[in-house]
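First the structure, in the form of structure tokens, and then the observations on it.
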Amino acid sequence: MASLKVQAIEPIMQSFITIRSILALEQKDFKKHSSVIAYFNQNYINKGVFPKDLGRSINLARLYREKSDYVDYYIMGREEAEVQIQTAKTLIAYTEKYVFGENQSN
């Protein structure tokens with residue numbers, strides 16, 4: 001069984017992988033998580049492709065991931081983890097709509 005830390009970080013990584021898949025559609029990739037998220041915010045959130053509140057949730061997820069990676073003994077709480085699960089689900093739903101719905105003519 002995976003540790004609680006790993007289980008809590010999974011939805012954050014799912015969100016990050018989803019964002020990278022969106023960027024792959026335009027053959028963009030970056031080595032750093034922060035660069036991927038910055039590009040996504042600039043080109044998708046700020047331009048209204050995805051809602052601003054989703055952008056805020058993604059930025060919060062990035063902060064949780066950084067805490068988990070760099071703060072000794074940090075363990076995400078249940079409520080925080082549930083928020084991140086919902087963020088991942090919401091991002092995936094918007095991504096499916098973007099890729100298979102609105103972006104269908106491309």
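The values are calculated or read from the model by the stated rules, or taken from the named source; none is laboratory data. A quick note: this is a predicted structure, and the numbers were derived from the prediction, not measured. All Cβ positions, glycine included, derive from the backbone under ideal geometry; neighbour counts span all protein chains shown.
Looking only at the stretch 34-43, decide whether some residue is hydrophobic (A, V, I, L, M, F, W, C) and more than 14 Å from the chain's Cα centre (by Cα). Full working, then the answer.
Going through the stretch 34-43, the residues hydrophobic (A, V, I, L, M, F, W, C) turn out to be 36-38, 40.
If we keep only those that are more than 14 Å from the chain's Cα centre (by Cα) too, we end up with none.
Checking the stretch 34-43: not a single residue is hydrophobic (A, V, I, L, M, F, W, C) and more than 14 Å from the chain's Cα centre (by Cα).
Suppose we filter Y98, Y39, Y74 for residues that are surrounded by 12 or more Cβ atoms within 10 Å (Cβ to Cβ) and free of Cβ contacts under 8 Å to residues at least 12 places away in the same chain; which single one remains? Before you say what the answer is, go through the steps one by one.
Numbers: Y98 fails: free of Cβ contacts under 8 Å to residues at least 12 places away in the same chain; Y39 fails: free of Cβ contacts under 8 Å to residues at least 12 places away in the same chain.
It is Y74.
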Positions within the stretch 27-36 being exposed (fewer than 14 other Cβ atoms within 10 Å of the Cβ) and outside any helix (DSSP H, G or I), in sequence order: Q27, D29, K31, K32
Residue under evaluation E80, criteria (1) part of a helix (DSSP H, G or I); (2) under 13 Å from the mean Cα position of the chain (by Cα), criterion not met: (2)
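Just checking, which of K52, K89 is modelled with pLDDT of 95 or more, exposed (fewer than 14 other Cβ atoms within 10 Å of the Cβ) and basic (K, R)?
Details: K89 fails: modelled with pLDDT of 95 or more.
Result: K52 is the single residue among K52, K89 that is modelled with pLDDT of 95 or more, exposed (fewer than 14 other Cβ atoms within 10 Å of the Cβ) and basic (K, R).
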